[in-house]
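To start, the structure under review is shown below, and the notes come after it.
No lab work stands behind these numbers, since they all come straight from the coordinates. All values derive from a computational prediction rather than experimental measurement. Note that each Cβ is placed from the backbone with ideal geometry, even for glycine, and that neighbours are counted across all protein chains shown.
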Amino acid sequence: MRLELLGVLLFSLLVLGSTSSMALSTSAKTADALPANPTNPDFSELTKRLLSGEPIYFYGKDAPKNAQRLIDALHNKLGVVIHFNRINTSDIRFIGIVIRPTNGNRYYTAYYIVEGPNINLQSEILNLQKLRDNVKKLDLSYTASQISPLNLEVSDNWNRIGSISWKRSTLVYLGQYAYLEFKADYSYVTTTSGQYWYLVHTTHQGRPTTSTIAVKDLETIVDANHPQNTWQQIEDWCPKNNGGPTTIYSYTFTVDNADGGSATATVSYETSAGYYMKWYDYTSGYESKLDVVHELYKKRIGLDIAWGAQFTVEPSAIFSADPSKGGGYTYYLSLDHTAKGNFYVRSPSGPIYIKSPSPIQFHVTVYPWTIIES
């Protein structure tokens, strides 16, 4: 059975087959190019060859142990790190690793894993070489701009997963339009305690197209459905408490026990000159539900409504997933997103009403390598 799983930073191919003795190779065009079975692999040499673009593979019952040594040595360079020492590896007999440089300090990482008891070694080497060739051909340049807008500063030890692109709900009033728009970006790090911490960065926008409509407020909800999903919970979020009036907001998330050192991300946003915002934090830590309402105002005497002004906020949160609490090594997130908005509308005769477009609602399952929307 062959199963191929393709993601932004992780490409893994799991194959059931068979194997016998243990050996190690760096790159081989045919099975005849296999080296003798080394008892003490030179990991410094393997590291150099892997970083130069050659595929590395291990086979035999010690393959997971040797692969883990190489992964540990390159922990801060690989885009995705597998912890073979935390899973059952008794049937794994072949592990191939392929990497490709990115524009940053990390490498796109491909794993080719074969489970026993018997494998055709020559066939698996050829399959690994095909995977290496496919990775070289893939157009991966788009990942450089996945995190948007630029207000989100993600350090090199955050792994970008991807985005849910812009969604829109439309308010129509007497032929005039206003838009409620929403997107979300996702990144993750692993921790020394074995957890996965996910950064969920949302961008929520109210956009009138006329001076007779104004943003009143925007409500952003990210619900982890805790305690039903006991393996995941909210760890940190922004903004906190009730705040404002202010023209700028900035917050830095920090994960101190991240693998490879501390991981930080800063979320900041501000209003245009002459406007200010307030926020109300209804987040529940116990329920692991981010719920924040932002209001927009105009600084002037009289009715304090920001007619025609666009308003964009970025409520965000870190959620953790603990495999030890999932009853099956659960390390993904299961989240419900909801984006709401209320608008002021001014009728031709003068009265002002509050109108709301339909909420934007969707569910996502977030893995370290992909996002599935439902």
Open item on the list: How would the range 146-373 be classified by its alpha-carbon gyration tensor: rounded, prolate or oblate, with rounded meaning a/c under 1.5 and the a/b versus b/c comparison settling the rest?
Closed with: prolate
TODO: Quick one: order Trp158, Trp166 by neighbouring beta-carbon count within 10 Å, fewest to most.
DONE: Trp166, Trp158
- [ ] Find, among the GluC sites (Glu not before Pro) in the range 254-343, those assigned to loop by DSSP (not H, G, I, E, B) with at most 16 other beta-carbon atoms within 10 angstrom.
- [x] Glu287
TODO: Past 22 Å, Cα to Cα, is the threshold; run Lys240/Lys340; Lys240/Lys355; Lys183/Lys298; Lys136/Lys167; Lys216/Lys340 against it and keep the listed order.
DONE: Lys240/Lys355; Lys183/Lys298; Lys136/Lys167
TODO: May I ask for the net charge around Arg207, where only other residues with Cβ less than 12 Å from the Cβ of Arg207 are counted and Lys, Arg are +1 while Asp, Glu are -1?
DONE: 0
Task: the range 146-373 - charge dipole about Cα centre, Lys and Arg +1 at Cβ, Asp and Glu -1, debye rounded to 20 - done: 1020 debye
Task: Contour excess over end-to-end distance, with Cα ends at Ser358 and Thr209 and 0.36 nm allotted per residue - done: 51.9 nm
Open item on the list: Run the simple label-point estimate for Lys167 and Ser284 please: 7 Å along Cα→C-beta, distance reported in nm.
Closed with: 2.1 nm
